[in-house]
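What follows draws every value from the coordinates through simple rules; no lab data is involved. Computed from a predicted structure; not experimentally measured. FYI the Cβ positions are ideal-geometry reconstructions off the backbone, even for glycines, and counts take in every protein chain you see.
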Amino acid sequence: MNFVDNGGGCVVLELSGNWLLGCALPLIDDVEHGLKREGAVKRLEFDTTAIKEWDTALLTFLVKVNNLCAEKSIETIKAGLPEGAGRLLALAVSSSGNKAGHEGSGRPSFFARVGSWAIGYASGSVDTLAFFGEVAMGFGNLARGRTRFRWNDLMREIQDCGAQALPIVTLITFLVGLILAFMGSLQLEMFGAEIYVADLVGLGMTREMGTMMVAMIMAGRTGAAFAAQLGTMHVNDEIDALRTFGISPVDALVLPRMIALILMMPLLCIYGDICGIVGGAIVGVAALDISLLQYVEQTRTSVGLNDFAAGIIKSVVFGAIVAICGCLKGMRCGKSSEDVGKSTTSAVVTGIVFVIVLDAILTIIYEIINL
């Protein structure tokens with residue numbers, strides 16, 4: 001390594017020999033001392049014609065020299081470097097500059113955060129409306145018999161949303177009915193009105209808890225599965241492949257899942273209501289000395305078809321919401337595995353939130369129309 005003064009504040013750094021890992025190479029301190037000896041240096045050039053072999057050891061040295069010159073406000077001219085080393089040095093300097101920019105930017109201002117949120121919300125709203133439009137067109141094509149999804153896919157989704165969900169629906173709704181009966185009995189026993197436990201469980205399950213618990217289960221089970229499946233297909237470019245073949249992803253992937261969940265939710269709701277009533281009957285018969293015949297008769301008297309209808313209507317709405325949330329998040333997923341996880345989580349959270357909000361709205365509407 002040698003310094004040559006070209007005059008006018010320009011210094012040429014001559015490098016020679018082998019610059020390989022494991023070789024005894026100059027230190028950056030040597031460069032700093034050499035620049036100080038040359039006086040007021042404004043520009044540093046390189047002469048590497050005498051270099052025989054080089055690897056990353058040369059690149060590491062050059063990056064250190066470049067950083068040193070940047071600290072001392074010395075311009076570095078990379079024209080004399082080997083072609084490959086020059087490109088790698090430019091890339092390394094660019095990467096470190098971007099990193100420094102991100103580290104120095106700090107926390108965005110309040111208005112920048114508000115603006116970013118508004119832009120993201122507007123973009124998401126447009127995507128959501130576009131998705132709803134595609135779904136509406138898909139159902140329109142289905143009504144005209146022009147849909148292009150395979151009926152085998154629909155049957156498979158029906159099995160997944162229906163029969164395979166029965167074990168978890170059975171367990172949860174049975175325990176919910178049992179808990180309702182137990183908690184209600186603690187208060188009703190104080191007034192000698194244990195028989196009304198049947199009314200509490202029957203009305204609670206058919207109008208609210210049955211359909212609500214089934215919707216929660218399907219949001220966490222099926223809604224998440226929809227988002228994960230479609231998100232993974234998006235990552236693997238399978239959805240883009242369908243578009244390339246002229247097949248609408250909404251028709252082929254979204255419609256079978258939505259139809260299956262909308263069809264299965266009322267059946268699961270009725271099944272969950274029955275399981276909850278059975279759970280309440282076990283508590284009534286075992287703990288309250290109510291005969292099974294009395295419990296069944298009291299339930300039949302208190303629960304009417306309008307109560308079942310109220311829960312079934314809610315279940316259809318909840319099924320559509322859970323399916324839309326799962327499919328929307330999956331179709332709008334990013335291109336990484338992390339994005340798939342975020343989409344799955346967002347589908348579950350969004351589905352549950354909308355289920356609760358719509359349940360409150362429908363309950364108020366039922367009260368107004370006296371259903």
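Using Cβ counts within 10 Å as a stand-in for footprinting exposure, how do Arg148, Arg113, Arg221, Arg207 rank, fewest first? Mind dumping the intermediate values first?
Working: Arg148 14, Arg113 11, Arg221 17, Arg207 22.
If I rank by nearby Cβ atoms, fewest first, I get Arg113, Arg148, Arg221, Arg207.
If R₀ is 41 angstrom, what is the calculated FRET efficiency for the pair Glu338 and Asn2, using the beta carbon separation as r and rounding to 0.05? In this case the efficiency is close to 0.20. Dipole of the chain computed with +1 at Lys/Arg Cβ and -1 at Asp/Glu Cβ about the Cα centre; of Leu292, Met212, Val126, farthest Cα towards the positive end is Val126.
I need the peptides 24-32, 180-188 ranked by packing, meaning the mean over residues of other C-beta atoms within 10 angstrom, with the highest value on top. It would help to have the intermediate numbers written out before the result.
Values: 24-32: 12.9, 180-188: 18.3.
By packing density, highest mean first, the sequence is 180-188, 24-32.
The helix-based estimate of mean residue ellipticity at 222 nm for the chain, built from -39,500 (n - 2.57) per DSSP H run of four or more residues and divided by its residue count, is -23500 deg cm²/dmol to the nearest 500. Between Glu14 and Leu27, the modelled labels are 2.4 nm apart [label points 7 Å from Cα along Cα→Cβ].
Region 325-367 and region 136-213 have their alpha-carbon centroids 18 Å apart. Model label sites at Lys42 and Met155, defined 7 Å from Cα along the beta-carbon direction, differ in position by 8.4 nm.
Using per-residue counts of other Cβ atoms within 10 Å, averaged over each peptide, order 199-205, 115-121, 357-363 from highest down. Each step should come with its number before you reach the end.
On the way: 199-205: 24.3, 115-121: 10.4, 357-363: 13.9.
Listed from highest to lowest mean packing, they are 199-205, 357-363, 115-121.
Bridge orientation summary for the chain: considering DSSP beta bridges with both residues in this region, about 30 percent are antiparallel. Its Cα centre serving as origin, region 16-157 has a Cβ charge dipole (Lys and Arg +1, Asp and Glu -1) of approximately 700 debye. With 0.36 nm allotted per residue and the present C-alpha distance subtracted, the Ile247-Ile365 stretch has 38.5 nm of extension available. Per-residue Cβ neighbour counts within 10 Å put Thr60, Thr344 in the sequence Thr60, Thr344, beginning with the fewest.
FRET efficiency for Ile119 and Val235, Cβ-Cβ distance as r, R0 = 22 Å, nearest 0.05?
Values: r = 25 Å, r/R0 = 1.11.
Rounded to the nearest 0.05, the efficiency is 0.35.
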